[in-house]
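The values are calculated or read from the model by the stated rules, or taken from the named source; none is laboratory data. Here the structure is a predicted model, which is why all the values come from computation and not from measurement. Backbone-built Cβ (ideal geometry, glycine too); neighbour counts: all protein chains shown. Note: accessible area is taken over every heavy atom of the protein model, side chains too, but ligands, DNA and RNA are not part of it. Shrake-Rupley method; radii C 1.70, N 1.55, O 1.52, S 1.80 Å.
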Amino acid sequence: MDKKGYISRIREDLKGGRKHSKTTIESIAKSFGIANKNLVKEFTELAIILNAREIAHDSSLTTYEKYLDIVALYQSQVNLSMRTSMSVLMQQYSTPAPISLLASSYILKSGSLSGYKAFKNIVKGGTKGKIVGNAHLTNDKNDFPKYLEPSAGNGLLTIALPYHYTHVNELDDVRLANLKEQPFAKVSSWDALKPPAAYDRTFDGIVTNPPFGSLSQPELFGKFKIKRLEHAMALNALRCMKDDGKAAIIIGGHTTWDEHGRVTAGTNRIFLNYLYHFYNVEDIIPINGKKLYSRQGTSINTRLILIDGAKAVPDGAAPLKNKLHSTVVNTHEELWDRVGLGNSTSPKPQTKDVKVIKLRAKAILIKQKQLSLGKLPTTNRPLRILVACEESQTVTMALRSQGHEAYSCDILPTTGNHPEWHIQGDVLNQLDKGWDMMIAFPPCTYLTVSGNAWMHDPERQKERKKALAFIRKLMKAPIDKIAIENPIGVISTAIRKPDQIIQPYYFGDNAKKSTCLWLKNLPLLEPTDMLDEDQLEYKHWYDKKKKRWRRQPLWYYKARDLSDEERRRVRSKTFQGIADAMADQWTEKQQANNRKTA
């Protein structure tokens, strides 16, 4: 395996404006003896990081020029969607380079030495540059600022920080090895929930994008009970910050508010109340993940939290809803203005200079598109997609909105608005019609675990066997890309376990419904707008037959008074957030649209 050769090749391609798809990047990696898709993703990201860091430490550029060049770099990079089931489970999403530049620049102490000579050392291949550049000017290490990234990944969030003043920490073996090849002041591997005691109030700047998830046991921070992994990791990182230090924290999801304008009750409110009580929170910036995060392998919405020191006297709580904190940032220009670096570390150029800089950046993008024209993958044409066992057309319409030739198919007539895009009849008769993809939603009546209570009935046993035979025929269909959706049930034991289990609240819908996906030649779906599970709505009601209280998701409970047929339709309908994620992540917009923007 020639890791250095591969990284060098990708860096040169990025500089030359040559764009790659997932297929071409994996083909190049194989030519260097790298077949593992996770290694391809991590090494590709390292190449992007080294190029971004080179731009970030170019003393001939203003911060704004660096930002525009890194935006161009981000827009030219391959979509880093080569993810393993473990990386999805751990929610290991790296921060896009433009956001990383702004976050690390925000915490950079004014007057800090750039460390560019140290960086040039690694660019040339050296890895022994722990104390290089201007580090020899004094023997007192305390004169230098210190920065910490406690969940550093490959180091993307540190690109504006001098190597030899920056401490990084990571548990993942591959990423840890990548960090050790860069001349950071210190590379360590401790539990980010338990920072070393020696790090308490030690660092001038903290930057972090912790993985998200739930804690097995809540962690107490004073009287504040923290239940989320990312919240606990962020607060432990802040314990390492000096009282006059600065921090930039990336957290998944957007803040929501109740009818009184308060942050919605639950884990998010507790976390934000803690931050505002103990720290000077300068801003919490909601970022549109689909527009500013997607090339990093996920479209999840995020927040960039900017903190300017600790409060001398703890006081207050999260403010009520206001226009600033509820305004979502949708463009890189809006993000630049919101972070406000132009008001501090690097003045934004005058209007005339801005035009020149933007023209320069636009020229880079045009060059990249010119190089890629004529080499577009075949998936950029409209795909022919069969949406099996769907009468609602929810997924069909999401696919149609992306420019694809999608048709719903069901034995029932469609309840959607486009009968011309619906095939009424047995879907098994449609499987050999030359489809590029099939997304199937087979009936679950005889397949769910909840139906086991009635399986003593011989007729139901026969129906279950028929249902499983139907699933097997769908799985064996002569179609290149297949996704089959069903609730948790007997498919897992009778055929095979699902590739993924998702929830509607991963994609912005206030609902809980465990949904299994069996996939063929399709990637795992990435969460796009993770809601706090504590914020989900439930109905508590007394079951007179069983003489006990029950709790059901509110959306599910509301369907109980409908007719049997209507209730079945409501409870089986695909949530819009999941439908949009399928359309966005499993397809590409048609080639004609791409050419229009070229």
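What is the gain in length, in nm to one decimal, between Glu420 and Lys558 on full extension, counting 0.36 nm per residue of separation less the C-alpha to C-alpha distance? Walk me through the intermediate numbers first.
Details: separation 138, 0.36 × 138 = 49.68 nm, distance 3.14 nm.
Using 0.36 nm per residue and subtracting the Cα-Cα distance, I get 46.5 nm.
Tell me which trypsin sites (Lys or Arg not before Pro) from the stretch 410-511 have a DSSP coil assignment and no more than 11 other beta carbons within 10 Å of their own. Don't skip to the end; give the middle numbers.
Working: sites: Lys433, Arg460, Lys462, Arg464, Lys465, Lys466, Arg472, Lys473, Lys476, Lys481, Arg496; in loops: Lys433, Lys476, Arg496.
Within the stretch 410-511, the qualifying trypsin sites (Lys or Arg not before Pro) (loop, at most 11 other Cβ atoms within 10 Å) are Lys476, Arg496.
How large is the translational diffusion coefficient of the stretch 462-580 in µm² per second when you combine the Kirkwood radius over alpha carbon pairs with Stokes-Einstein at 37 °C and 0.692 mPa s? Could the numbers behind the result be given before it?
Values: Rh = 16.4 Å.
So the translational diffusion coefficient is about 200 µm²/s.
Below 12 angstrom from the Cβ of Tyr505, what's the summed charge of the other residues (Lys, Arg +1; Asp, Glu -1)? The partial results should precede the final answer.
Details: positive: Lys512, Lys513; negative: Asp509, Asp529, Asp532, Glu533, Asp534, Glu537.
It works out to a net charge of -4.
So which of Lys227/Lys547; Lys290/Lys573; Lys30/Lys573 end up more than 30 Å apart by C-alpha? Don't skip to the answer; put the middle values down first.
Working: Lys227/Lys547 32 Å; Lys290/Lys573 24 Å; Lys30/Lys573 42 Å.
Listed pairs above 30 Å: Lys227/Lys547; Lys30/Lys573.
Might you tell me the accessible area per residue for the stretch 1-62, computed with a 1.4 Å probe and given in Å²?
I get 43 Å² per residue for this part.
How many nm is it between the label spots at Arg384 and Asp432, if each spot is 7 Å from the Cα in line with the beta carbon?
It is 1.4 nm.
Eigenvalues of the Cα gyration tensor times 5, then square-rooted: what semi-axes does that give for the stretch 214-323, in whole angstrom, largest first? It would help to have the intermediate numbers written out before the result.
Values: eigenvalues 93, 56, 50 Å².
Three semi-axes, in Å: 22, 17, 16.
Report the net charge of residues surrounding Ala265, where surrounding means a beta-carbon distance below 9 angstrom and charges are Lys +1, Arg +1, Asp -1, Glu -1. It would help to have the intermediate numbers written out before the result.
Numbers: positive: Arg262, Arg269; negative: Asp258, Asp534.
Computed value for this residue: 0.
What net charge is computed for the residues neighbouring Leu292, neighbours being all others with C-beta under 13 Å from the C-beta of Leu292, Lys and Arg scored +1, Asp and Glu -1?
Numbers: positive: Lys290, Lys291, Arg295, Arg303, Arg338; negative: Glu333, Glu334.
Taking every other residue near Leu292 into account, the sum is +3.
Calculate what fraction, in whole %, of the accessible area of the stretch 381-490 sits on carbon and sulfur atoms when a 1.4 Å probe is rolled over the protein chains. Don't jump to the answer; show the numbers that get you there.
Values: 2820 of 5150 Å².
Looking at the stretch 381-490 in its full context, I get 55 percent from C and S.
Of all the accessible heavy-atom surface of the stretch 186-273, with the other protein chains kept in place and a 1.4 Å probe, what percent is carbon and sulfur? Could the numbers behind the result be given before it?
On the way: 1890 of 3780 Å².
Here carbon and sulfur together make up 50 percent of the probe-accessible area.
What are the chymotrypsin sites (Phe, Trp or Tyr not before Pro) within the stretch 180-271 that DSSP puts in a loop, where the Cβ has at most 15 other Cβ atoms within 10 Å? Walk me through the numbers on the way to the answer.
Numbers: sites: Phe184, Trp190, Tyr199, Phe203, Phe212, Phe221, Phe224, Trp257, Phe271; in loops: Phe184, Trp190, Phe212.
Answer in residue order: Trp190.
Using the Karplus equation 6.51 cos²θ - 1.76 cosθ + 1.60 (θ = phi - 60°), what ³J(HN,Hα) coupling, rounded to whole Hz, does each residue of the stretch 538-551 give in order, writing x for Gly and Pro?
Taking θ as phi minus 60°, the curve returns 10, 10, 9, 8, 9, 8, 5, 5, 8, 6, 7, 7, 10, 10 Hz for the stretch 538-551.
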